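Notes for the one structure printed next.
We did not get these values from a lab; they are worked out from the coordinates using the rules stated. On a predicted model such as this, the values are computed, not experimentally measured, just so you know. Because the Cβ atoms are built from the backbone with ideal geometry, glycine has one as well, and the counts that use them run over all protein chains shown.
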Amino acid sequence: MREPTFLILTALAARPQHGYGIQRDVQEISGGRVTLRAGTLYAALDRLREDGWVDVDREEVVDGRLRRYYRLTEPGATRLAAEVERLRAHTRAAHNRLRARLTGGTA
Amino acid sequence: MTGLETGYHRLVALYPRDHRERHGEEMLGVLMDGATEHARPGLRETVDLLWGAARLHLRRMVTADGKPTRDVWAAVALLGPLAVLLGAAGALNELRTSSPASLLGPSLSPGAMRWQGSLPDLPVWVVWFVVAVLALFRLRRTAAVGAWLGTVGFLSVPFIAPDPSMRWLALHAGSVVAGVVVAAALTWSPGPARGWELVGAKRFTVFAGVVAATVVLFAIAPGRYHDSVLTSIGSVLLVGVAVAAGGAWSRTGYRAVLMLGLPVVLPVVLLWTLRIDPKTAVLAAGCYGLLAVVVLAVIGTPRARSV
């Protein structure tokens, strides 16, 4: 799973959000390291909706502008959970090996 | 409307129609919400929007019904190298009528061998043959590297010949277009392993057999291959059989074979339509332009879907 996909799914994990909300949340989640621009965001949302991982929750008009809220679907949540588990396993392995290195366990 | 908003409007207008209808207003809202003090869209933002539009156009180019396209590309990754090899028939025809000793002899042009004049594309077809074998053994990454090398090779053919001419590129527009499509499929799709799951051994064998029969028919045809009406018609018919045999199992398969069949067949048809041997530029424009139009028209852009 590519990083923008992971971050978008993470941004939608707790609650539905609109496009600009996802952008801001992704920036916050990544500690300001990732800026998700509109072109990237909507190309990703287009694919995520096709895959059935994300769906439209509701629409609102704020200051004359359309805001469409997106939510994480059950298949999307399952896929995100699987990715989190995969990353956790990798992180654990990296952590263990670094610790072994520091204690002189490996050459 | 401010200059900034106008700029965003112009960029969003480049997106596929269905996407604009569904998300255009929403995207403009997001862009304006995130806008700072700029009078015009920034460079990074512009590049990002252009790239996003290109990706969505490409995605829709192979999607007639809005379903995921990865399986189409996976089938293309497996069958594509074979379809590209159809273009090798001319070189094989030339090879059949020339002795190896004469091909390795010196050319009239200083510093060049004779094969560089009569068979400048031979090394490229060897590369594509290797790509087809690698795809058959499901070695996606190696095959992808080979396919990109083969595509660059296609573009280099005019410069291998002692007297560089762009005519080869015009005559082989189908192979070049198919080469780019196959290289992209091998690079970004789930690959030939998934393609094999979808296509199966029996259909792959039928497809490979039809392609091989077409190439052989071209190669043994009397005279130069594109001068023979019979073999051109035979080729189109045989590729039609391949489409039916390879693509009948599902909509995915049909689209995959269609993606590859059209670029390979159309230049042959076009060459016969334009029997008068037009100038290279006209021929190239016809081959590449018509290909693009027909492929886009057949594969289609989906209309807006309700949300």
**Request:** Based on alpha-carbon positions alone, could you give the equivalent ellipsoid semi-axes of the stretch A:13-86 from the gyration tensor, as √(5λ), descending, whole Å?
**Result:** 21, 16, 11
**Request:** Would you be so kind as to identify all helices of chain A, as entire DSSP H runs, whose Cα atoms reach 30 Å or more along the helix's own axis and whose mean Kyte-Doolittle hydropathy is at least -1.0?
**Result:** A:74-102
**Request:** Could you sort A:55-67, B:38-50, A:39-51, B:205-217 so that the peptide with the highest average Cβ count within 10 Å comes first and the rest follow in order?
**Result:** A:39-51, B:205-217, B:38-50, A:55-67
**Asked** What FRET efficiency do you get for B:GLU197 and B:VAL145 if R0 is 25 Å and r is their Cβ-Cβ distance, rounded to the nearest 0.05?
**Response** 0.65
**Prompt:** Across peptide B:41-53, what mean number of C-beta atoms from other chains lies inside 10 Å of a residue's C-beta?
**Reply:** 3
**Request:** Determine the shielding of peptide A:57-69 by partner chains: average, over its residues, the number of Cβ atoms on other chains within 10 angstrom of each Cβ.
**Result:** 3
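Using a 10 Å cut-off on Cβ to Cβ distances, tally the other chain neighbours for every residue of A:47-55 and report the average as a whole number. All intermediate terms of the calculation are to be shown ahead of the outcome.
Values: counts 6, 0, 3, 7, 2, 1, 0, 0, 1.
The shielding value for this peptide is 2.
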